[in-house]
Amino acid sequence: MMRATAEPLEGNLVRLSVEIDEPEFDRALGDVVRTLAQQVRVPGFRPGKVPRKVLEARMGGAGALRAEALRESLPDFYARAVVDTELDPIAQPEIDITGGEDGGAVSFDAVVQVRPLVAIPGYDGLQVTLPGLAVGEEDVQRQLDRLRENDAELEVVERPAIDGDLVTIDLHGNDASGAEVVGVDDYLYEVGTGSIVPELDAELHGAKAGAILAFDAPNPNTPEENVAFRVLVKEVKVKRLPEATDEWAAESSEFATVAELRADIEDRIGRVKLMQSQMALRQKTIEAVAGLVSDEDVPEVLVDAEVNERLHDLQHRLEAQKLGLAEYFQATGTSPDELLAAVRVDAQAAVKADLALRALVEAEELSLADDELNAEIARMAESMGTTPTELRRQLDTAGRTGAVRSELRKGKALEWLIDHVELFDEEGNPMSRDDLRVDASKDDEAEQSDEADQSEESE
């Protein structure tokens, strides 16, 4: 039999005191003997048939064999003790054997750092700002104009070019050695986009057809070197959008009138805004509660672990694309130090959110029923191709059952918080949760309408 007790110490440390009765440890010792009997090769004995006395002699005596059994079994006993006491360790323990090294019952102390319970003052009065749901007339008009641009015609004008105009140009540029680094004729360029070099747009402002422009600008690839550009403006063109008439709507969309088209645009924009707000609600809520956690309350060991996990995930994704870190740094223009700093900022925020939600679990006494834990283990087991019983055994052995339980309770904490934060739009107006819920009746009506249309077509 094994017994374990936990004693809190300063600095988020806990002393776990474990006692193992002699028969319990003898079983662990027997397991070690059987394993060694399979592994050790002794002339005259088949694998698995080496007598214990021979093994003891090979190992250096009964004391050495017992020491090997202690080394092999203590991690398992420690993991069992963690499960029994429901501790949440965040670092490797310092184990000190306090009895049983020479024989009899075994006892040991394990001092381990556990996850702290942080303070989250004001969690029950958090406010979250979300993207507004109202669809403005200007939103609809912008989308309608984009559709009109698909049917726009280009008209040559005699006036000087302004932003938004399309100019046909011959563009050539030479570096300091005289070598041409860019050369293109009859290139259609939209003034004001800055997609080549900003200096080009500045020169094109006010230029008419026939103008010849010459200017120097930094080479985008090597900014310390200049490129001498020569530009011939051949034409200045303006987009002429078709009028938004019912005839245009019927030809360019599935709707017979502009009013129907505008109504559809408004509905689609509304759905996008709703989705954006729904997604923002979760993220903004997490950020808000994480902001209640003080930096001083965040253990560095947790941040380090989160950083390592994120870097490992990045490397795994790069390997899946057959890329290395060197290629990643070159493509993104970042250095290893910049990447590490950015990842650490994100890791710090993630750890704060984790600690805050765990604190909320305790503050609101959010419980987890056994059937909820069993259902999650069953779901995990199915995805891993094993049985719930086997996975539960593995989790218990590794001391990870508590982690699964904590994740489920954190999920409950987040749902509780989402239901209790005060919601506002960007203009400071209160928002209703009812407005963030999807109106299933509209989706049903839309599906019925589609089915009716298909039925009519088939007839």
Of all residues in segment 47-73 being out of contact with any helix residue (DSSP H, G or I) (no Cβ under 6 Å at 6 or more places or on another chain) and of a type in the set (Lys, Arg), the one that is modelled with the highest pLDDT
Arg71
Among strands (runs of 3 or more DSSP E) entirely inside segment 31-138, those with 2 or more residues being of a type in the set (S, T, N, Q) and farther than 30 Å from Arg433 by Cα are 106-113
Just the residues that are of a type in the set (Gly, Ala, Ser), without any contact (Cβ under 8 Å) to a residue 40 or more places away in the chain and either buried (at least 17 other Cβ atoms within 10 Å of the Cβ) or part of a helix (DSSP H, G or I) (or both), please, taken from segment 337-370.
Ala341, Ala342
Any residue that is without any contact (Cβ under 8 Å) to a residue 60 or more places away in the chain, closer than 30 Å to Leu261 by Cα and either touching a Pro at 6+ places or on another chain (Cβ under 8 Å) or surrounded by fewer than 17 Cβ atoms within 10 Å (Cβ to Cβ) (or both) - is there at least one of those in segment 151-163?
yes
Which condition number in (1) under 26 Å from the mean Cα position of the chain (by Cα); (2) hydrophobic (A, V, I, L, M, F, W, C); (3) farther than 22 Å from Leu117 by Cβ; (4) surrounded by 15 or more Cβ atoms within 10 Å (Cβ to Cβ) is the one that Ala375 fails?
(4)
Quick check on segment 436-448. Is at least one of its residues at pLDDT 90 or above, farther than 25 Å from Pro75 by Cα and assigned to a helix (DSSP H, G or I)?
no
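The values are calculated or read from the model by the stated rules, or taken from the named source; none is laboratory data. Bear in mind that the values here come from a model prediction, so they are computed numbers and not experimental data. Methodologically, a virtual Cβ is constructed for each residue, glycine included, from the backbone with ideal geometry; neighbour enumeration extends over all protein chains shown.
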